[in-house]
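The values are calculated or read from the model by the stated rules, or taken from the named source; none is laboratory data. Everything numeric here is computed off the predicted structure, so don't read it as measured data. As a convention, Cβ positions derive from the backbone with ideal geometry for all residues, glycine included, and neighbour counts pool all protein chains shown. With ligands, DNA and RNA removed, areas are computed over all heavy atoms of the protein, side chains included. Shrake-Rupley method; radii C 1.70, N 1.55, O 1.52, S 1.80 Å.
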Amino acid sequence: MQDPQRLRFVASRFNHLQGLVAVPPGAALAINALLAIRSPGHSVLSTPLQALVLAVGLLAGLAFIPYYRRTFGQVHPAPWTRTRDARAAGIFIAIGLVWFGVVIGFQLPESLGLVGLGAAFGGIVLANAKRYGGLQLLWATWAAAITGIGLLSLLGLLPDTPTGKLSSQSGLNWSQLAWGLAWVVGGILDHLVLVRTMRSAQVAGGSAV
Amino acid sequence: MAAPFEELASLDKLVHEPARLAILTALSACDSADFLFLQRLTGLSKGNLSSHLAKLEAGGLVQVTKRFIGKTPNTSMALTPAGRAAIQAHWQRIEQLRTQTSRWRPEDQPPPEHA
């Protein structure tokens with residue numbers, strides 16, 4: 001029999017482990033961050049091309065939902081997981097609002113805001129990992145990317161970018177690029193967790209009646 | 001006191017059988033799951049899984065709901081309150097036995113009675 005903790009983790013977080021849904025939107029975010037270099041005002045959604053890229057990314061992501069249903073089946077999550085997720089989201093939003101209030105009020109570097117946000121999100125990810133018996137790699141990758149880009153900026157290690165800033169002189173939005181790439185990498189990792197859990201069950205072959 | 005190894009034999013076999021234990025453990029972590037998910041998660045064949053589910057349903061631990069989504073048949077499984085209590089009690093018992101086993105010593109076992 002498979003590890004019961006892993007069984008519980010996959011069953012309770014099944015809908016969240018469908019990581020391929022996040023890959024196309026993540027790629028779209030990353031592409032838009034690169035396109036922003038040439039867009040007016042270096043905005044990530046100011047040109048028709050950027051809007052098209054985002055729309056295609058979102059639709060392509062949604063197309064993976066029927067794939068998961070056909071391949072791995074369907075799970076309805078327990079009510080307590082929905083309540084817990086809503087509570088975690090509420091806590092994160094509250095911390096985020098307070099922290100950004102501090103950053104803006106004290107005119108702290110914007111990258112410090114990102115580091116704090118990433119750390120708060122990382123804390124919630126770790127708390128969830130303890131509760132559900134497994135780490136959701138998409139969320140962990142988000143937290144690492146946001147915190148990492150913030151730290152690199154604070155240390156002045158981002159190319160062509162003033163220390164503490166999140167956009168380069170040429171208009172590249174580093175946080176957008178990092179977040180988009182995190183969606184791609186984290187989504188693939190979560191998908192692999194799901195596939196490997198199911199595959200190891202196939203190899204084990206279950207037991208006879 | 002019986003050795004913990006002897007108490008293992010007294011565990012509820014309806015729950016303790018590995019495939020059924022995997023099914024019940026997975027269902028305890030969600031509201032319901034469909035047949036395909038349980039089949040992929042446990043690695044059982046359709047026939048084996050159906051047989052185990054029938055036993056669990058007959059034992060009152062699992063509720064099986066069959067319906068159509070459009071023209072596609074869909075079978076979903078959920079734990080009954082008795083099933084939820086049974087799997088929770090089972091894992092608690094396993095944990096107790098694990099603790100007892102770690103403390104057990106051969107000299108604690110009473111000598112066998114000679115004929």
Take A:Arg69 and tell me if it is among the basic types (Lys, Arg), assigned to a helix (DSSP H, G or I) and touching a residue at least 12 places away in the same chain (Cβ under 8 Å). no
Hey, does the stretch B:26-42 have a residue that's farther than 17 Å from B:Ala82 by Cα and of a type in the set (Val, Ile, Thr)? yes
The residue that is farthest from the other protein chains (Cβ to nearest Cβ), considering only those in the stretch A:65-99 that are under 30 Å from A:Gly164 (Cα atoms) and either touching a Pro at 6+ places or on another chain (Cβ under 6 Å) or surrounded by 15 or more Cβ atoms within 10 Å (Cβ to Cβ) (or both), is A:Trp99
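What are the residues in the stretch A:1-12 that are among the polar types (S, T, N, Q) and open to solvent by 40 Å² or more (accessible area, probe 1.4 Å), if any?
Listed by number, the list holds a single entry, A:Gln5.
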Just give me the residues in the stretch B:63-115 being in contact with a Lys or Arg (Cβ under 8 Å, 6 or more places away or on another chain) and at pLDDT below 90, in sequence order. B:Pro73, B:Asn74
Quick check: anything in the stretch A:153-165 modelled with pLDDT of 90 or more, away from every other protein chain (no Cβ under 14 Å), part of a helix (DSSP H, G or I) and over 30 Å from A:Arg87 (Cα atoms)? yes
Residues (over 12 Å from the mean Cα position of the chain (by Cα), open to solvent by less than 10 Å² (accessible area, probe 1.4 Å) and within 14 Å of another protein chain (Cβ to nearest Cβ)) located in the stretch A:13-39: A:Arg13, A:Phe14
Select from the stretch A:129-160 the residues that are surrounded by fewer than 21 Cβ atoms within 10 Å (Cβ to Cβ) and not hydrophobic (A, V, I, L, M, F, W, C) and list them in ascending order. A:Lys130, A:Arg131, A:Tyr132, A:Gly133, A:Gly134, A:Thr147, A:Gly148, A:Gly156, A:Pro159, A:Asp160
State which residue is nearest to the other protein chains (Cβ to nearest Cβ) when the search covers only the stretch B:26-84 and only residues that are charged (D, E, K, R) and either exposed (fewer than 15 other Cβ atoms within 10 Å of the Cβ) or assigned to a helix (DSSP H, G or I) (or both). B:Arg40
Going residue by residue through the stretch A:101-124, is there one that turns out to be of a type in the set (Gly, Ala, Ser), outside any helix (DSSP H, G or I) and under 17 Å from A:Gln176 (Cα atoms)? no
